[in-house]
1. Distance in nm between label sites at ARG343 and LYS510, each 7 Å beyond Cα in the beta-carbon direction?
2. Using a 1.4 Å probe and counting only protein heavy atoms, arrange VAL607, VAL176, VAL764 so the residue with the most accessible area comes first.
3. Apply 1/(1 + (r/R0)^6) to the Cβ-Cβ distance of ARG810 and GLN765, taking R0 = 22 Å, and write down the FRET efficiency to the nearest 0.05.
4. Which sequence of ARG615, ARG201 reflects their accessible areas, 1.4 Å probe, from the largest down?
5. Quick one: what are the phi-derived ³J(HN,Hα) couplings along the range 214-223, Karplus 6.51/-1.76/1.60 with θ = phi - 60°, whole Hz, x for glycine and proline?
6. State the extension gain, in nm to one decimal, for the chain segment bounded by ALA538 and MET586, taking 0.36 nm per residue of separation less the distance between their alpha-carbons.
7. In percent, how large is the relative contact order of the range 225-345, given Cα pairs closer than 8 Å and 6 or more residues apart?
8. Considering Cα pairs under 8 angstrom that are at least six residues apart, work out the relative contact order of the range 44-84 and quote it in whole percent.
Amino acid sequence: FALAALGISSQAMAPKQQVAEPSADEPPSKVAKTDHETEEDAAPDKRKVITETIAFDGRDSTLNLVPTCGGNVVMGLADAGLQFLVASARANVGVKSGRYMFEIRVLEVLVPAVPLGRNNPTQPIPRQQCRLGFSKGGSSLYLGESADSFCFDADGSFFTNNTKTQCSERFARDNVISLLLNLDQSSPNANTVSLFKDGKRVSKPMPIPEDLKGQTLFPHVAFRNVTMQVNFGPEPMAPLPFKCRMIQDAAAADADVMPPATPAEGKYEVVFPIGLPDEGTFDWLDDFLEKNPGYMELSDRKIIEWAVHSGLGKPRSNSLKHCNDKPDVTFGIQAIDELTPRRLLQLAASLMPRNYVVMEVQSNLIKADRQVSLKRFNFPHFKKTAAIIVGEPPDSFKAKVHSIILAEKQEKLDAEWKAQQAEKERKKQIELKQKQLAEQRAKFEAQRKAMEAAAKAKADAAKGEEGEAKEEVKEEVKEEKVEEKEDVEMKEEPEETEPPKAELDEEEQKLWFQPRPITDMASSVFNSTFADFTLPTAEEDFTEIRYEWANEVTAIGYMRSWMQAKKLTTRIEDVVPSEWFLARMMEWQKLSQEWQSKQKEFKQDPVRRQAALVRMQKEKLYFDKMEKAQAAADGKDAEAEAKKDEAVAAPEGEETEEQKEKAAAVAEAAASMEDDNSFVPVDINTVQDVCDISDGEPLFSEFSFEDWALLNLRFELLLLCHAFKRDVTDPERPGAHETHLAYYYNRYFRKGINIKNFGVETNVQLVELIKESVTVKDSVLYPELTEEQLANADILVRVQEECRRERVKRIEAGDESAKLKFLQVSLTPQATTGKAGMPTPKSFSAPAAWSRPSTGPPAAFGKGFVPPAFAAKGMAKGAWGAGFGFGKGW
């Protein structure tokens, strides 16, 4: 079939192939014709011929290849995306000397339809492909893409080492194509391969790669969407102009026969590697396949590699979901992007007896998924082995990892050294050019001065001063030459001839596994599934459980420790707030708004505010008196302490109303204390009602926006700790890890938290602000108050008031570090959208936009906070997830 008839295009080949230009004296699409065929008839050979039947070896074929008619006809599966993948197979008999041939004939050309769906391929979708050639045993099945194989393509090219050379006519359906391999060293065409179509030569003898000379070469075909007949002999379908033996008639001395695949105990082995993510699982697999080339890997990464070698182009990857176990790549063909061929290939593998390695990191670690995989191989000719790759690897494995890390470091150092050398050379050339320019300028200047001196001397000579002028000229020229000589002499620094040698540091020498830029599992998938990871037991349907690195007891202990560590540091992706959390949050919304309203009412009542100022001044005088008495008891100078306390700078200018009220309160309190010595200050911990500690004064009357923010943060983080314990019923997870505070905060409260707006840089520093309510121990958040104490929110107000008073006392004592540096801004709260699985009560809605008032907490401290002025207007309908914490608007 012609190229157009077959539907083959240059894009149907492997990606990024190099194309060698044909010679100038030979047209690329024509054969170099000769007047005489250089090949001669085969001489009679009485040597013993091979007795084995030549066929394609199942161990050396792709899973989509289907042999039929006794192996004389081969075709490829063409459904579920397999129509885009190349089928390839290598025969079981190879040629190492002599001259032999085999034939093919394309019987059928399929034009498969592209499945419907999202199709935006990176390059034109390949349709058909047909190649025949030879390859070295054990080499890649992708024919012509390495130096270990060579072939002729249907488009008339010779293909080897990923390089194409136009050298023959194209061949079409129903043509009998003969491939002649000449390894007869006495022939003028020794170590060449030739192509014949219907018994006529269509290519000149093409030399085989140098690396393959002296090697045993096996017949090899690769095709897509065609059905072909293969004839290894002993009689040809289309005789050549000369007598030539076929491979089936080869002398036993000229051929190597691959021994039949006879597995141990009559069963093929299916290995299930079971290892922890990012702990050397794929490194172990690569090493295992290198030592056991007879095993075929069944994995998603191999399907993607297969697609690349089938000419689908280089895939694009999604860095967020991409991982080694389940690569997330895009070829632009939906059937391949969704790895649709996986299902059909798994079915084909169970029907094709051979050794397999089922590489699925996640599925092999989960018992239910293992059972599904094991059922596919419930045939008497399979032995199912679990290879446990858990624990400390052997020294040989660690040495290999260290050598890879060292090689990568050396490569990086070499690149840096080359860049530095190039920069030095660039600077050196610049300095050389500058020096040359300076020399030219100096030379020009010297010539100019000499000419001026000569002119002067000539003028002086006319005046009778010729002798003296000549002497001056000589002296000036001499000085210029000396200076020029000094400029030429430059000291050159010794150059480094070799890059520095890389060495492993102490931390790298302790590594067991190679750090990789791509993880074995996507983080979201790992976080939601790792709690179900288990090692196989004797109850499962494994023929053998083999521990590769550590014994059973050590491996189980290692995995238990690994699981406990991961549970502490890994976030839970599917955690959902409970109804208990929603109820507590609604109660807090209502209560906090009532407190804010009471604070506003109090501040707007001058009588109660004045009474509160008097009470506070009485408390201050009371405590001053107690301190003086204590100081006297301790033998300190009471008068010096008193003077030190009274050393307050007088206010400049006119007094404000607030200062006047405070002064009046001080005077009134002093007079009252003189008349009544029975005054007792208010005890924060014993007051009955935090909204009325004395004469209608609330305990939180002096709260600033920082105190409201901290009060709300206390409640939210305390509620988060208790809700986490209720929602995550895992004794090995005592609390949320501090590094995931932002995630869980958003998951529960439906808003973000920006810790920098609290004047801190880390989550630990944030929790330190409310250490009386929540603490961090071993990087885990722990509540300091019980659920019963949380239900009584008055306790949080008492704690916050006590912290406020302590902070004020430290600031008055001159401690600048006690000041809170919270960010004060105005913002428009943004409504949040619910996540799947998270109930959102209708009573919870984001409030309208508002600006920070003069009193009370600002909008920045949460969507739920509503200033008293707005609360009075009915705009304070509770909003779940809208507490006092910093929201997204920050």
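1. Taking the simple label geometry, ARG343 and LYS510 are separated by 4.9 nm.
2. Ranking VAL607, VAL176, VAL764 by accessible area, largest first, yields VAL607, VAL764, VAL176.
3. The computed FRET efficiency comes out at 0.80.
4. From most accessible down to least: ARG201, ARG615.
5. x, 9, 7, 10, 9, x, 8, 10, 9, 8
6. So the extension gain works out to 12.1 nm.
7. That works out to 13 percent.
8. About 25 percent, as a whole number.
The values are calculated or read from the model by the stated rules, or taken from the named source; none is laboratory data. This is a predicted model, so every value here is computed, not measured. We place every Cβ from the backbone using ideal geometry, glycine too, and count neighbours over all the protein chains shown. We work out accessible area using only protein heavy atoms, side chains counted, and drop any ligands, DNA or RNA first. Shrake-Rupley method; radii C 1.70, N 1.55, O 1.52, S 1.80 Å.
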